[in-house]
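Report on the structure given below.
The values are calculated or read from the model by the stated rules, or taken from the named source; none is laboratory data. The structure displayed is predicted, hence computed values, not measured ones. Here the Cβ positions follow ideal geometry from the backbone for every residue, glycine too, while neighbour counts run over all protein chains shown.
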Amino acid sequence: MTRAWLLIGVMLSFALATAGCREKASEAPPPPQHLTADATGHYCGMALAEHPGPKGQIILASRTDPVWFSSARDAFAFTILAEESKDVRAIYVSDMGKAQTWDKPGDDNWVDARQAFFVVDSRKQSGMGAPETVPFSDRAAADKFAESNGGRVLSFSEVPHDYVLTSDIGTDATRSTEAIGSP
């Protein structure tokens with residue numbers, strides 16, 4: 001009889017544990033936050049409003065406020081660097097297809113970075129003068145931007161690590177093919 005109760009207890013514990021995992025996996029990501037004048041870049045420590053081009057925000061489970069980035073490329077870097085938090089709940093970047101201008105990318109036109117299309121190798125630079133990953137929610141808008149400004153369109157998982165982590169990009173022949181989504 002004791003073994004039966006023990007087995008029932010183990011099975012009940014397992015059922016509760018897996019139900020909790022399913023609940024967390026299906027939980028919707030938190031919405032993006034409104035970009036305010038006091039938002040400060042995680043890496044540069046400067047007000048985001050002082051920089052042109054797309055911005056980024058990452059929402060972590062361990063924080064109530066988002067981690068802000070003065071460029072979409074910096075948000076990518078956060079996801080790659082080993083020393084940064086890995087409890088990422090959501091990654092949002094400015095949708096440049098909805099931006100007023102390059103200098104005014106908008107306060108509320110965020111797109112989920114994992115669903116966005118990025119133009120890399122374009123003539124446009126981030127607010128700190130580095131190559132930028134220019135995000136769009138719409139593939140046609142990304143293609144149009146690439147036609148006008150050079151570059152190529154990639155998904156989040158296709159953006160090469162070294163494009164994000166280096167300022168001197170070099171040529172495609174010397175670029176690593178390891179992308180953001182690679183293990």
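Say we look at segment 116-149 and pick out the residues that are out of contact with any strand residue (DSSP E or B) (no Cβ under 7 Å at 6 or more places or on another chain) and charged (D, E, K, R); which of these is farthest from Ile91 (Cα to Cα)?
Glu147
Select from segment 52-61 the residues that are surrounded by fewer than 21 Cβ atoms within 10 Å (Cβ to Cβ) and part of a loop (DSSP other than H, G, I, E, B) and write down the one among them that is farthest from the chain's Cα centre (by Cα). Let's see the steps before the verdict.
Of the residues in segment 52-61, the ones surrounded by fewer than 21 Cβ atoms within 10 Å (Cβ to Cβ) are 52, 59-61.
Going one step further and asking which of them are part of a loop (DSSP other than H, G, I, E, B), we end up with 52, 61.
Numbers: Pro52: 18, Ala61: 15 Å.
The qualifying residue farthest from the chain's Cα centre (by Cα) is Pro52.
Which pairs have Cβ atoms under 9 Å, sit 6 or more apart or on different chains, and link a residue in segment 78-89 that is aromatic (Phe, Trp, Tyr) to one that is outside any loop (DSSP other than H, G, I, E, B)?
Phe78/Gly56; Phe78/Ile58; Phe78/Val67; Phe78/Phe69; Phe78/Val88; Phe78/Ile91
What's the number of the only condition in (1) of a type in the set (A, V, I, L, M, F, W, C); (2) within 26 Å of Asp138 (Cα to Cα); (3) part of a loop (DSSP other than H, G, I, E, B); (4) in contact (Cβ under 8 Å) with a residue 12 or more places away in the chain that Cys44 fails to meet?
(2)
Condition check: surrounded by 15 or more Cβ atoms within 10 Å (Cβ to Cβ) and either under 10 Å from the mean Cα position of the chain (by Cα) or of a type in the set (Lys, Arg) (or both). Does Ala75 satisfy that?
yes
Taking the condition modelled with pLDDT under 95 and basic (Lys, Arg), does Lys104 pass? Spell out how you get there, then give the answer.
Working: modelled with pLDDT under 95: yes; basic (Lys, Arg): yes.
Judged against the criteria, Lys104 is a match.
Go over the candidates Asp74, Asp65, Asp95 one by one and state the one that is touching a residue at least 24 places away in the same chain (Cβ under 8 Å), touching a Cys at 6+ places or on another chain (Cβ under 9 Å) and of a type in the set (Asp, Glu).
Asp74
Which residues, counting only those in segment 122-140, are over 19 Å from Thr79 (Cα atoms), surrounded by fewer than 18 Cβ atoms within 10 Å (Cβ to Cβ) and without any contact (Cβ under 8 Å) to a residue 60 or more places away in the chain?
Matches in segment 122-140: Arg123, Gly129, Asp138, Arg139, Ala140.
What pairs can you find where one residue is in segment 146-162 and within 14 Å of Ala116 (Cβ to Cβ) and loosely packed, with under 15 Cβ neighbours inside 10 Å, the other is at pLDDT 95 or above and of a type in the set (A, V, I, L, M, F, W, C), and their Cβ atoms are less than 9 Å apart, with a gap of 6+ or different chains?
Sorted first by the residue in segment 146-162, then by its partner, the list stays empty.
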